[in-house]
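K.L.:
Sharing a structure with you now.
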Amino acid sequence: MTSRMKRLGALILFLLLVVGGGLAIGILTAPGEWYAGLAKPPFNPPGFVFAPVWTVLYVLIAIAGWRSFEQDRSSAPMKLWWAQLALNFLWSPVFFAAHRIGLAFLVIVALLAAILAFVATCWRKDRPAALLFAPYAAWVGFAAALNGAIWQLNRQ
């Protein structure tokens, strides 16, 4: 197998892991009646926005991870990449399945920290990977604000 084919195979695996994992978690923890009944802030986007935004973000996340993997599988950026993916995949079950809005807020704040740390560690060595995470950081920052607002509006 040529080096180019191995690289392409690795990219496909990253895309399958991230997009497939995100899709599976989204389906298994889809917002239902519980979420529909929560008080939400005025800046809450319509539900149809989330799937296309996350699909694009998951592709960007996969490409950035693949780039870090290709450079050094045991590097700090790669470890941060795995950490952010674990936190990303944890958030929906905590929020939508366990209904733990406050705990989900802690998870998303940790996720944002991991994303920003990934960007900072990649900035000099692999600026494209860092830039691929810029929209992700912006969206997760927004999602953290949304999570926090929903938590505050629904505290009992």
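The values are calculated or read from the model by the stated rules, or taken from the named source; none is laboratory data. As the structure is a prediction and not an experimental result, all values here were calculated from the model. Neighbour counts are summed over all protein chains in view; Cβ atoms, including those assigned to glycine, are modelled from backbone coordinates with ideal geometry. Surface accessibility is based on the protein's heavy atoms, side chains included, excluding ligands, DNA and RNA. Shrake-Rupley method; radii C 1.70, N 1.55, O 1.52, S 1.80 Å.
K.L.:
Given the criteria open to solvent by less than 60 Å² (accessible area, probe 1.4 Å) and either closer than 18 Å to Cys122 by Cα or free of Cβ contacts under 8 Å to residues at least 40 places away in the same chain (or both), does Ser68 qualify?
P.N.:
yes
K.L.:
Considering only residues that are closer than 16 Å to Tyr58 by Cβ and small (Gly, Ala, Ser), which ones fall in the range 112-138?
P.N.:
Step one: list which residues in the range 112-138 are closer than 16 Å to Tyr58 by Cβ, which gives 114-115, 118, 129, 132-138.
Selection gives Ala114, Ala129, Ala134, Ala137, Ala138.
K.L.:
Of the residues Arg100, Arg155, Arg124, which single one is surrounded by fewer than 17 Cβ atoms within 10 Å (Cβ to Cβ), more than 20 Å from Ala36 (Cβ to Cβ) and out of contact with any Pro (no Cβ under 8 Å at 6 or more places or on another chain)? It would help to see each step written out before you state the result.
P.N.:
On the way: Arg100 fails: more than 20 Å from Ala36 (Cβ to Cβ); Arg155 fails: more than 20 Å from Ala36 (Cβ to Cβ).
Residue meeting the stated conditions: Arg124.
K.L.:
Do you know which residues across the range 103-121 are open to solvent by 20 Å² or more (accessible area, probe 1.4 Å) and of a type in the set (A, V, I, L, M, F, W, C)?
P.N.:
Kept after step one, since they are open to solvent by 20 Å² or more (accessible area, probe 1.4 Å), are these residues of the range 103-121: 103, 105-106, 109-110, 112-113, 116-117, 119-121.
Answer for the range 103-121, where residues must be open to solvent by 20 Å² or more (accessible area, probe 1.4 Å) and of a type in the set (A, V, I, L, M, F, W, C): Leu103, Phe105, Leu106, Val109, Ala110, Leu112, Ala113, Leu116, Ala117, Val119, Ala120.
Residue-wise test of (1) within 18 Å of the chain's Cα centre (by Cα); (2) assigned to a helix (DSSP H, G or I); (3) farther than 19 Å from Phe142 by Cα.
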| residue | (1), (2), (3) |
| --- | --- |
| Ala10 | no, yes, yes |
| Leu15 | yes, yes, yes |
| Val19 | yes, yes, yes |
| Leu23 | yes, yes, yes |
| Pro42 | no, no, no |
| Val49 | yes, yes, no |
| Ala62 | yes, yes, yes |
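K.L.:
Moving to a separate point now. With the requirement that a residue be in contact (Cβ under 8 Å) with a residue 12 or more places away in the chain, open to solvent by 40 Å² or more (accessible area, probe 1.4 Å) and aliphatic (A, V, I, L, M), what does the range 29-52 give you?
P.N.:
Ala30, Ala39, Ala51
K.L.:
Still on this structure, please answer the following. Please determine whether any residue of the range 134-155 is of a type outside the set (A, V, I, L, M, F, W, C) and closer than 20 Å to Leu17 by Cβ.
P.N.:
Quick first cut of the range 134-155, residues of a type outside the set (A, V, I, L, M, F, W, C) only: 135-136, 141, 147-148, 152, 154-155.
Those still in the list that are closer than 20 Å to Leu17 by Cβ too: 135-136.
Yes, that holds for at least one residue.
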